[in-house]
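Have a look at the structure below, then the notes.
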């Protein structure tokens, strides 16, 4: 599997527009000096990254409150790209508008992304239950709409609030204080081993009794910590089940090499999706 360090002149693609949580996550991962470009969909990010070793994508993959993002998972199946980094981003949702002051009882309309509405369900129900919820394609789009309408409030991150010059009325209105989104950096080549690594694999295995147990057993025997497992019917073969597994370790570690050999023997297909560093 090829290894390649990051190119200092690389292009970073994220789920746009500017001001989204994906934008903010990308800037936290790569810091200053990178060339950031927003794209309208996760599929567009994968298509662009597949074109060059100098192109990288930052995609939302999983939220601690609402689970996996299916379009990201599907693209990891469909494209021969690798996970290069994982970044666990603490999500903060804030109530804002173009107005200097806010009366919760007077709010009639509020806009944000559907995922954000889901993550703020209890707060909305308890504080503005009668407000009309207007769905936006992103928190940045919600912020841009709020700029144009003084009667429209929005839920957005602090970065979007700054970009669109909105006023923050309430901070951290998400239902869970431990609300985190797992972002992944994707590219064409795997990176070098770091101090803290995970490996992600996709396995297609015949759907029969005991399949799950056969997969779990070598993890116990080799003392490898599995951090996530998800399964779904294969999209290409009705007799197969596809397992997505994350576990601690680097793909060249002795125990991981042995694990991969065992999993490959029992599966119809095994693909390493990435072996990558974890940023917290």
query = If you take the residues in region 234-246 that are surrounded by 13 or more Cβ atoms within 10 Å (Cβ to Cβ) and without any contact (Cβ under 8 Å) to a residue 60 or more places away in the chain, which one is farthest from residue 270 (Cα to Cα)?
reply = 237
inquiry  = Suppose we filter region 81-94 for residues that are out of contact with any helix residue (DSSP H, G or I) (no Cβ under 8 Å at 6 or more places or on another chain) and farther than 18 Å from residue 45 by Cα; how many remain?
reply    = 2
task = Determine whether region 42-51 contains at least one residue that is surrounded by 15 or more Cβ atoms within 10 Å (Cβ to Cβ) and under 19 Å from residue 156 (Cα atoms).
result = no
query = Would a scan of region 135-151 turn up a residue that is in the same structural domain as residue 269 (by TED's automatic domain parsing) and crowded, with 20+ Cβ neighbours inside 10 Å?
reply = no
query = Do we find a residue being touching a helix residue (DSSP H, G or I) at 6+ places or on another chain (Cβ under 7 Å) and within 29 Å of residue 58 (Cα to Cα) anywhere in region 264-271?
reply = yes
query = Tally time: how many residues in region 110-156 are assigned to a loop (DSSP other than H, G, I, E, B), out of contact with any strand residue (DSSP E or B) (no Cβ under 6 Å at 6 or more places or on another chain) and under 17 Å from residue 16 (Cβ atoms)?
reply = 3
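Within region 48-69, can one find any residue that is part of a helix (DSSP H, G or I), within 30 Å of residue 195 (Cα to Cα) and touching a residue at least 12 places away in the same chain (Cβ under 8 Å)?
Yes: one or more hits.
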Region 189-233, residues that are in a loop (DSSP other than H, G, I, E, B), surrounded by fewer than 17 Cβ atoms within 10 Å (Cβ to Cβ) and in contact with a strand residue (DSSP E or B) (Cβ under 7 Å, 6 or more places away or on another chain) = 189, 192, 194, 196, 207, 225
message = residue 23 - would you say it is outside any strand (DSSP E or B), modelled with pLDDT of 90 or more, under 23 Å from residue 273 (Cβ atoms) and within 17 Å of the chain's Cα centre (by Cα)?
response = no
message = Suppose we keep only residues that are surrounded by fewer than 19 Cβ atoms within 10 Å (Cβ to Cβ) and outside any strand (DSSP E or B) within region 3-18. Which one would you say is modelled with the highest pLDDT?
response = 18
remark   = When every residue in region 78-98 that is out of contact with any strand residue (DSSP E or B) (no Cβ under 6 Å at 6 or more places or on another chain) and surrounded by fewer than 16 Cβ atoms within 10 Å (Cβ to Cβ) is compared, the one farthest from residue 153 (Cα to Cα) is 80
ask   = Can residue 57 be described as modelled with pLDDT of 95 or more and within 21 Å of residue 201 (Cα to Cα)?
value = yes
task = Mind counting the residues in region 97-109 that are out of contact with any helix residue (DSSP H, G or I) (no Cβ under 7 Å at 6 or more places or on another chain), closer than 19 Å to residue 166 by Cα and in a helix (DSSP H, G or I)?
result = 1
note = In region 157-172, anything touching a strand residue (DSSP E or B) at 6+ places or on another chain (Cβ under 8 Å) and either within 17 Å of residue 15 (Cβ to Cβ) or surrounded by fewer than 19 Cβ atoms within 10 Å (Cβ to Cβ) (or both) is listed as 157, 158, 167, 168, 169, 170, 171, 172
task = Using the structure shown, decide if residue 21 is buried (at least 21 other Cβ atoms within 10 Å of the Cβ) and out of contact with any strand residue (DSSP E or B) (no Cβ under 6 Å at 6 or more places or on another chain).
result = yes
request  = Look at residue 78 and say whether it is in contact with a helix residue (DSSP H, G or I) (Cβ under 8 Å, 6 or more places away or on another chain) and over 30 Å from residue 171 (Cβ atoms).
outcome  = yes
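The values are calculated or read from the model by the stated rules, or taken from the named source; none is laboratory data. These figures come from a predicted structure and were not determined experimentally. Glycine also receives a Cβ, built like all others from the backbone with ideal geometry; neighbour counts cover every protein chain displayed.
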